[in-house]
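Read the structure below first, then the notes.
The values are calculated or read from the model by the stated rules, or taken from the named source; none is laboratory data. Bear in mind that the values here come from a model prediction, so they are computed numbers and not experimental data. Here the Cβ is made from the backbone with ideal geometry for all residues, glycine too, and neighbour counts use every protein chain on show. To get the accessible areas, we keep the full protein, side chains included, count just its heavy atoms, and leave off ligands, DNA and RNA. Shrake-Rupley method; radii C 1.70, N 1.55, O 1.52, S 1.80 Å.
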Amino acid sequence: MSEEILNSETTGMRVNESMKANLLSAAKWAKFICIVGCIGVGFVVVFGIAMLAFGSIASKMYADTPLGGLAGVIYLLVAAIYIYPLIKGFQFANATKAACLSDDENELARGISGLNDLLKFTGYLTIICLILYGFILISIIGVGVMAAVAA
């Protein structure tokens with residue numbers, strides 16, 4: 001009986017060669033996307049710093065125009081937010097590749113965990129954006145109604 005329980009505990013999902021090939025391909029694409037994402041974040045940071053600098057200059061030249069500085073802060077905030085999914089994408093890519101090459105279950109679990117965190121973060125961000133879009137739409141409709149009533 002105990003041998004039967006032991007065998008049932010050790011059996012589980014197995015990764016065949018076709019699955020490994022697909023995981024390796026996904027890991028390569030994830031790494032490529034993350035590298036391009038890092039380059040993009042670099043550009044966003046440079047543009048954010050430039051907007052802060054030029055926004056500061058513009059506000060000195062032209063009275064009270066803080067929009068350049070505000071845009072710079074938004075750029076830097078977006079870059080900071082984008083770092084987490086890049087880290088998780090690299091975690092998925094590197095751990096999955098290592099797992100497929102060495103048949104290491106722990107590395108595969110770490111890679112899948114990174115993918116899970118990446119997708120969860122993307123889902124939360126999508127929900128937040130949809131809520132913001134809803135508020136913006138309601139605000140636009142409200143302003144339109146108020147303008148129509150005032151006219």
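Accessible surface of L130, taken over heavy atoms with a 1.4 Å probe and every protein chain present, rounds to 110 Å². What FRET efficiency would be calculated for the residue pair A150, I83, taking the C-beta separation as r and a Förster radius of 41 Å, to the nearest 0.05? After rounding to 0.05, the efficiency reads 0.35.
How about segment 15-55: which trypsin sites (Lys or Arg not before Pro) there lie in a loop by DSSP and see at most 13 other Cβ atoms within 10 Å? For trypsin sites (Lys or Arg not before Pro) across segment 15-55 that sit outside H, G, I, E and B with at most 13 neighbouring Cβ atoms in 10 Å, the list is empty. A simple spin-label model places the labels of N116 and F47 3.5 nm from each other, with each point 7 Å out along Cα-to-Cβ. Net charge in the neighbourhood of A93 (other residues with Cβ under 9 Å of its Cβ; Lys, Arg +1, Asp, Glu -1) is +3.
Between K28 and L130, how high is the FRET efficiency from 1/(1 + (r/R0)^6) when r is the Cβ-Cβ distance and R₀ = 25 Å? Nearest 0.05. Calculated value: 0.20.
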